[in-house]
1. Given points 7 Å out from each Cα along the Cα-Cβ axis, report the L80 to L169 separation in nanometres with one decimal.
2. Using the alpha-carbon centroid of each, what span in Å lies between the range 196-272 and the range 166-193?
3. Lys/Arg Cβ at +1, Asp/Glu Cβ at -1, dipole of the chain taken about the Cα centre: which of N294, H230, G27 is farthest positive-ward?
4. Label D266 and R236 with points 7 Å out from Cα along Cα→Cβ: what is the distance between them in nm?
5. Give me the one-decimal nm value for the distance between modelled label points at I157 and E113, 7 Å along each residue's Cα-to-Cβ direction.
6. Give me the Kirkwood hydrodynamic radius of the chain in Å, from all C-alpha pairs, to one decimal place?
7. Most exposed first by the Cβ proxy, i.e. fewest other Cβ within 10 Å, how do F70, F115 rank?
8. Can you tell me how much longer the chain between L73 and R302 gets when fully stretched, taken as 0.36 nm per residue apart minus their C-alpha distance, in nm with one decimal?
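Just so you know, all these numbers are worked out from the coordinates, no wet-lab data involved. Computed from a prediction, not measured in an experiment: that's the story for all the values here. Note: ideal-geometry Cβ built from the backbone for every residue, glycine included; neighbour counts use all protein chains shown.
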Amino acid sequence: MDESPSPSPRKGNEIEHKVYARAGLLGNPSDVYYGRTISFSLANFWATVKLQPSHHLIITPHPTHDLVQFSGLDHLVKRLQSEGYYGGVRLLMSICKIFYNYCNENNIELSKENFTLSYDTNIPRQTGLSGSSAIVCAALNCLLDFYKVRHLVKVEIRPDLILSAEKELGIIAGLQDRVAQVYGGLVYMDFTKDHLEKFGHGVYTPMDISLLPPLQLIYAENPSDSGKVHSTVRKRWLDGDEFIVSSMVEVADLALQGQTAILEKDYSKLADLMNRNFDLRRSMFGDDALGSLNIEMVEVARRVGAASKFTGSGGAVVVFCPDGPSQVKLLEDACEEAGFVIQPVKVVPSYLNEDDLKTLSG
Ligand SMILES: Nc1ncnc2c1ncn2[C@@H]1O[C@H](COP(=O)(O)OP(=O)(O)O)[C@@H](O)[C@H]1O
Ligand SMILES: O=C(O)[C@H]1O[C@H](OP(=O)(O)O)[C@H](O)[C@@H](O)[C@@H]1O
Ligand SMILES: [Mg+2]
């Protein structure tokens, strides 16, 4: 896949958009529960979606992510066991539906032209790096440019459209992924219920990415379904379970404290907040739902004295080594022994363009 940071969207008649993975740094998963988060767009991995004008409207299955041809029954069964039934086709179809309905409801006229959509991704599948919303967000960007309506669909609303496309498919997800992927860079997000209900979106405050200390990313090829992971806690929260409700408020508060810690470059505070974030997740979700491999990724980092937590619902971990390069080396060795992949985190700067910025309110 092309490694350039942000390809020009138009190549002749073709439009291509690239959207990066995201890492939840603090406060997740309280975004699913009217909380707050700090998340960033992660340059290490990305998805691309291509749109070409065509006579019919065609959604192209990906040759490996939407596999429908197998060498035999054993291959088919192995594949379903490791990757599940679904690839990205349903995501592309769903965002087309949500985009069309949104434009209709908001009197945004769409020309009668058709297109062919195809996608590619190197975001490790279902590892809590938001591979799903990267595909949806890139597709939305293609549709906005193809129909020339980018200036008519506000930036703040776009994460909600992306989320709706996944909700439509029964995937339980929150807004933090989609905000980080629409805005790029490092963003502080407040999803307070009143604001969300009044305006249909949260309050999103971009932060300077240079305020972040060096971070590491650990992941393992261990797909986990964010919908499944979330469903029990979600149900308990909806039922008003006091422990879940109060813990979620505490998780949201970590992002608020984290905003100050990052602005003041108080990295020992940041380390404490990251650790507390994972401890609270663990007490709410339980070890069975989180999975032993995922917990081990957090523990590997903690054993060398680093701070660590999930980037999303499981599969990848963001780590801060307060003691610097010597501690990173210890962590690399421990990861190699445990069979985990480790990479230095690369953060993508904000990628809103002039048309996008014009749609921002205030
Ligand atoms: N790498 C991928 N390629 C194709 N489809 C994907 C990929 N990752 C996720 N999906 C699609 O998105 C759905 C939800 O994924 P999710 O559990 O949210 O994973 P993630 O943490 O990567 O966002 C999957 O069931 C699948 O349909
Ligand atoms: O549990 C979390 O932290 C996040 O889980 C989902 O992200 P995913 O990358 O699919 O694991 C969800 O969409 C986010 O909103 C949650 O914060
Ligand atoms: Mg997802």
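1. Calculated label separation equals 1.8 nm.
2. Their Cα centres are 11 Å away from one another.
3. Toward the positive end, the furthest listed residue is H230.
4. 3.0 nm
5. Using points 7 Å along Cα→Cβ, the separation is 2.2 nm.
6. 20.8 Å
7. F70, F115
8. Residue separation times 0.36 nm, minus the Cα-Cα distance, leaves 78.2 nm.
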